[in-house]
């Protein structure tokens, strides 16, 4: 795919990554030391250990190291793009002439952690399960929408596999490079993968204890010679962020959970641990408003518009991050995001006007027409996940809703309950923080807005707009595809499909003895293999 990578990549490097890249290069240049246990705080209970069944970094960060992908984003780069995809379990790959087949040559001699050989059958089993062609019995399948265009997977011997598409879709390779696309073993059932996963990765699973933590240990038979360097990685669940920060400052932990620190919290941590290395980066997560479009009274488009008009995005950003977050639509804003709208185009999108007085006056007028007012507010609950990065913006949302005669009560839910409620559409209004595993329109549009997608939590469905989604998905010209992506995204905001409040930035900190950490500027998900991380103790 052709695109102006040099200009945009230069902006990323100069704006956000120069120091981090220099630090990484310096640490990689040192003589890596083997051994030691990396100790990391964890924010909550992951719903399970099965990456294919979950949609949260709470599962990806502790368990990505158990697995391998066919291909992956180069862990030494700062921006995940199609230009930096490298081999993993696949040694090479090639597209067919018509763009509907993608064939991988697989590595030989790779073994699963239980000693069984990895073959093409495992790849076929994994994606047959994701598209519903076998009895994988996935309890949840949040990325099934990614593979709507995948018709079948065929094998040629043990070391060759081909993905067959219904029509050209260049983003397939990009989707396969993300952390949400590991290869699973064909001989292990889905139930075991939720609690005791088996992979081919640099670390083997040891334990997963609810309310306590997770542990993985070095895979001595890892197929990449000399890796990993660490003996083990231990995650300890500490739901209270202040407690976890104090434990890190005291030296009990080597690293914080990724992107879990807001700008004010990061500053306080650095004041107490001045030698700590911290990176505040775009996360490609977005706080958004979930409105149950099928549940009265929000089956009324006028009332949904009221909620969108109430949002003061700048206030959210100023309060939560001291101005260190970004305003954007569904795609990650530039320069970290390569598909997000320019500020000039974003200004043309309804609901993004900075004139909050006029917007809220319009909202109150609509409420009056619907029979609501200061003496008769609309009463409801705002449901959200019971962790700070969700609760904090939910509290601000409740305050904003008061300005338009909506009286709301906070309903915090534990992580497993939160995800189950969203899947069942069992809410009225929700404050969600949606993580986007890969900065690509196919990932965002099909996973979030396609009719019937499992993660389409608001049940938005626009068949005409979906035709445009299919159109952009086949395009190879970057500029033309991006122009169409902007138009699609604008329409999504006009429809109030899932109003975006802000695009988050979060800080991750580690002590100087931790070497080889490299976090991407456009995803918190894809750099947690840990195979190049080591301890200088």
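Assorted remarks:
- For region 320-344, the tally of residues that are over 21 Å from residue 494 (Cα atoms) and not in a loop (DSSP other than H, G, I, E, B) stands at 2.
- In summary, strands (runs of 3 or more DSSP E) completely within region 65-180 and bearing 2 or more residues that are outside the structural domain of residue 438 (by TED's automatic domain parsing) and more than 27 Å from residue 471 (Cβ to Cβ) occur at 85-87, 90-95, 101-106, 150-155, 160-165.
- Candidate set from region 181-196 (those that are outside any helix (DSSP H, G or I) and over 21 Å from the mean Cα position of the chain (by Cα)); member that is farthest from residue 93 (Cα to Cα): 196
- Filter result for residue 531 (in the same structural domain as residue 394 (by TED's automatic domain parsing) and over 17 Å from residue 328 (Cβ atoms)): no
- Residues of region 100-133 that turn out to be within 18 Å of residue 150 (Cα to Cα) and either surrounded by 15 or more Cβ atoms within 10 Å (Cβ to Cβ) or modelled with pLDDT of 95 or more (or both), as a count: 18
- Members of region 486-528 that are farther than 30 Å from residue 430 by Cα, assigned to a loop (DSSP other than H, G, I, E, B) and either over 20 Å from the mean Cα position of the chain (by Cα) or not assigned by TED's automatic domain parsing to the domain that holds residue 233 (or both): 511, 512, 513, 516
- Test: residue in region 364-384 that is part of a helix (DSSP H, G or I) and under 20 Å from residue 285 (Cα atoms): no
- Residue within region 239-249 that is assigned by TED's automatic domain parsing to the domain that holds residue 49 and part of a loop (DSSP other than H, G, I, E, B) present: yes
- Only one entry in 457, 419 is in contact with a helix residue (DSSP H, G or I) (Cβ under 6 Å, 6 or more places away or on another chain) and either within 21 Å of residue 139 (Cβ to Cβ) or outside the structural domain of residue 391 (by TED's automatic domain parsing) (or both), namely 457.
- Flag for residue 315 being closer than 21 Å to residue 360 by Cβ, touching a helix residue (DSSP H, G or I) at 6+ places or on another chain (Cβ under 8 Å) and either free of Cβ contacts under 8 Å to residues at least 12 places away in the same chain or in a loop (DSSP other than H, G, I, E, B) (or both): no
The values are calculated or read from the model by the stated rules, or taken from the named source; none is laboratory data. Computed from a predicted structure; not experimentally measured. Glycine gets a Cβ as well: all are built from the backbone with ideal geometry, and neighbour counts include every protein chain shown.
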